[in-house]
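The values are calculated or read from the model by the stated rules, or taken from the named source; none is laboratory data. It should be emphasised that the depicted structure is a prediction, and the values quoted were computed from it without experimental measurement. Here the Cβ is made from the backbone with ideal geometry for all residues, glycine too, and neighbour counts use every protein chain on show.
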Amino acid sequence: MTDKQKVTDPLKDTEMISEEKKAEVLEKYDAESKVRKFSNKKIVLLVSAIAILYSLFHLYITFNPMPALQQRALHVAVGIALIFVLYPVTKKQDRKKVAWYDWILFFLALGSAGYLIVEYTQIVTSRGGIPNTLDIMVAIMTVVLVLEAARRVTGIILPIIALIFLAYPFISHMNWVPLKMATRQYDLGDIFGQLFLKTEGLYSTAIGASVNFIFLFILFGAFLARSGMGQFFNDLALALAGHKQGGPAKVAVISSGFMGSINGAAVANVVGTGAFTIPLMKKIGYSRNFSGAVEASASVGGQILPPIMGASAFIMAETTGIAYGTIALAALIPAVLYFLGVIMQVHFRAGKDNLKGIPKANLPKVREIMKERGHLLLPIVFLVVLLYQNLPIAHAAFYTIISTVVVAAFRKNTRMSFKDILGALESGAKQSLSVMVACAVVGIIIGVVSLTSFGNVMTSSITSLGADSLFLTLFFTMIASMVLGMGLPSIPAYIITATMAAPALAEFGIPILVAHMFVFYFGIFANITPPVALAAFAGAGISGGDPMRTGFNALKLSIAGFIIPYLFVYNPAMLMIDTTDVAINARDFAMPPVMEILLISVTAIIGIIALSAAVEGYFRTGLNVILRVLMGAGALMMILPESNSDIYGIILVGVTMAINFIQGKKQEEKPNVTV
């Protein structure tokens, strides 16, 4: 009997990850976790008070909005002021106190919003948005503050991208610039007036989305976390899948997928849920690299999973003008296929390595879990109902937060005290800072694109590389989206790719929703694609595996996610939209025939299962090289949206499965010979 077969109760004596280890991994791979831990109680109280007031401000303006420029400026100013207090300038700086220069930056940040509020009437009426010298000076200061705040929270990549874009209008008129990229000469007033005095720069639609509803959904996630939703998902996943073949890995996929959809923070989700699931996976026999990869793949995949999709669905609705309900429905089948691919790979890996699940007697019961915490699902159901009733997104988020507090009070073990509510308000504000500052930096990019022709240059470059071929254009758009999304949170990654890469697909008549879903997928999957696979590296930090090997394992587990976007481009029925008689930029889509949706779904499901078997080299028993190739070829034929290829694929997959099934039967019938 092997060591893997000796394991009977992985829950017993499994060494869980310590809080110190979790903090260490988070700080290494998640820049936003590198916060100060103050020794001065007065500063602790001050920061808590500012954070709580910041959350209350967003709840207040949901129904009492200010002028857009003022509202967005306050959102950014208070947020970056908090960043300068919470985040040290370098890793080596003393984290128990705030440096004197950070207090200066704190007040300068608040001053930037104060200036806009005081001068708002003059800017809008008397000056007509044309900046004077003081406007330009404050604008330059604010841009520098935003870039420095972003460097501290998100790392160096996003500020560098923004600086490259910001440099463009300064040099775009020079003789050595290629003619396609050349523009007129811009002065400081043109550039910084665009970035600071208009809603097309720092305070663009990206920040508009952040202040109006992203913040509220992050706050909603904080309230759910305080009520014990994370524990509920872990327990429910254990009860449903823990006893199955390779159970702990399936638990990781289910629980991390759901939590990733709510919190939208892939790296934090890997560490949070992975601290529980990765030791269990290792205990039953999964390798370190594979265990970390499973957690990373599921956590990243949560951001494509309706209903919340890490708040990205709401950004997409804001950007495209398409109703949230349409986007959530469109995302459903691709998300199910993605998670099916991950689950089937962990299933076949368990079969290949003879990894068993956890005995049912050692697992919680579904009925007991639902009785104790099942009511926590009600706020999510309530949210979906409100959104499908076309209630404004911000209002729906507000009511859902209130409902979470009410519903959590149904049972003692989930009830939130006044201290818990204040804690949720505080943690929600702190969790929002990374998204806020990233959206502000993205605003610099949007401002430059609006001011110049850089967006058209990017679109033209992608289509030129594609040489009038849709497939090549899709391929280069995929590469551009993954490069632009490297090391970024999902929301800014989507906004950048939607601004820079999605327009290239419109040149081929691809509907706006399909184009945005395509770049959204690849911007997100940059987090599990080496060499900058932060989610996978965090998984390796928890599992003790090799970061690059974990990254490539995550890439393999997520292979369906790299195929699915091509499928819905060539056959939008997978998104449950009918584009037959719809204009390229239409916001309203009809539902295609039900039979068409069923056909493409069934063939894609069988194809994804077959592809997972081919990747792992196992179905009923091990697949030799020839059978793996045949299975893989048949799977791809079934996944492709063509009737003829479906028929050939069904034949290939069917024959391969039948042969492998017979081989497995023969192996089982062989007598066990012992010496």
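Does any residue of region 326-341 turn out to be part of a helix (DSSP H, G or I), small (Gly, Ala, Ser) and over 24 Å from the mean Cα position of the chain (by Cα)?
no
All but one of (1) buried (at least 16 other Cβ atoms within 10 Å of the Cβ); (2) under 30 Å from Tyr566 (Cα atoms) hold for Ser464, so report the exception by its number.
Of (1) buried (at least 16 other Cβ atoms within 10 Å of the Cβ); (2) under 30 Å from Tyr566 (Cα atoms), only one is false for Ser464: (1).
Tally up the residues in region 614-642 that are assigned to a helix (DSSP H, G or I) and over 21 Å from Pro565 (Cα atoms), please.
Qualifying residue count, region 614-642: 8.
Yes or no: Gly201 part of a loop (DSSP other than H, G, I, E, B), closer than 30 Å to Ser464 by Cβ and in contact with a Gly (Cβ under 8 Å, 6 or more places away or on another chain)?
yes
For region 406-418, does any single residue satisfy the condition of being in contact with a helix residue (DSSP H, G or I) (Cβ under 6 Å, 6 or more places away or on another chain), modelled with pLDDT of 90 or more, in a helix (DSSP H, G or I) and under 23 Å from Phe57 (Cβ atoms)?
no
So which residues in region 451-461 are over 26 Å from the mean Cα position of the chain (by Cα), surrounded by 18 or more Cβ atoms within 10 Å (Cβ to Cβ) and in a helix (DSSP H, G or I)?
Leu451, Phe454, Val457
Among the listed residues Ile52, Ile117, which satisfies the condition of being modelled with pLDDT of 95 or more, within 21 Å of Ala209 (Cα to Cα) and either more than 26 Å from the chain's Cα centre (by Cα) or β-branched (Val, Ile, Thr) (or both)?
So the residue among Ile52, Ile117 that is modelled with pLDDT of 95 or more, within 21 Å of Ala209 (Cα to Cα) and either more than 26 Å from the chain's Cα centre (by Cα) or β-branched (Val, Ile, Thr) (or both) is Ile52.
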